[in-house]
Amino acid sequence: MKSSHSPSARALPVISRVAASLVGGWIFVWGFATLSIAALLAAGLSYGDARTLVYLLAFLVFLVVLCWSFATASVLRVWLALAGGGAAMTALCWFVLRSSPV
């Protein structure tokens, strides 16, 4: 029996999932890194130490986010969680840096 969907129509959900995991994951990890560095700076850690610690953790966060984005059923949920979460963390970072005397 022949499928009524073209190969490009079947590839679209896969392409969307890969884009959501890579682009959304990058946005989420960027928000995580900026917020974590700002919080560590506000806590009194030096910038170099905070950056090194957060960059090491960012690899693990990206791995978890990447695996989660393929395990979740809805691509829309992946986009909302990753892009929305990354944007929210970046905005919160801006607030932390504006309110701290660093």
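The values are calculated or read from the model by the stated rules, or taken from the named source; none is laboratory data. This structure is a prediction, so every number in the text was calculated from the model and none was measured. Cβ coordinates were reconstructed from backbone atoms using ideal geometry, including for glycine residues, and neighbour counts include every protein chain displayed.
Scoring Val96 on the criteria (1) touching a Ser or Thr at 6+ places or on another chain (Cβ under 6 Å); (2) at pLDDT below 90; (3) among the β-branched types (Val, Ile, Thr) leaves a single failure, condition (1).
Scanning segment 28-57 for residues that are crowded, with 18+ Cβ neighbours inside 10 Å and of a type in the set (A, V, I, L, M, F, W, C) returns Phe28, Val29, Phe32, Ala33, Leu35, Ile37, Ala38, Leu41, Ala50, Val54. When segment 73-98 is filtered for residues that are crowded, with 16+ Cβ neighbours inside 10 Å and either touching a helix residue (DSSP H, G or I) at 6+ places or on another chain (Cβ under 7 Å) or of a type in the set (Lys, Arg) (or both), the ones remaining, listed by number, are Val75, Val78, Trp79, Leu82, Ala83, Gly85, Gly86, Met89, Thr90, Cys93, Val96, Leu97.
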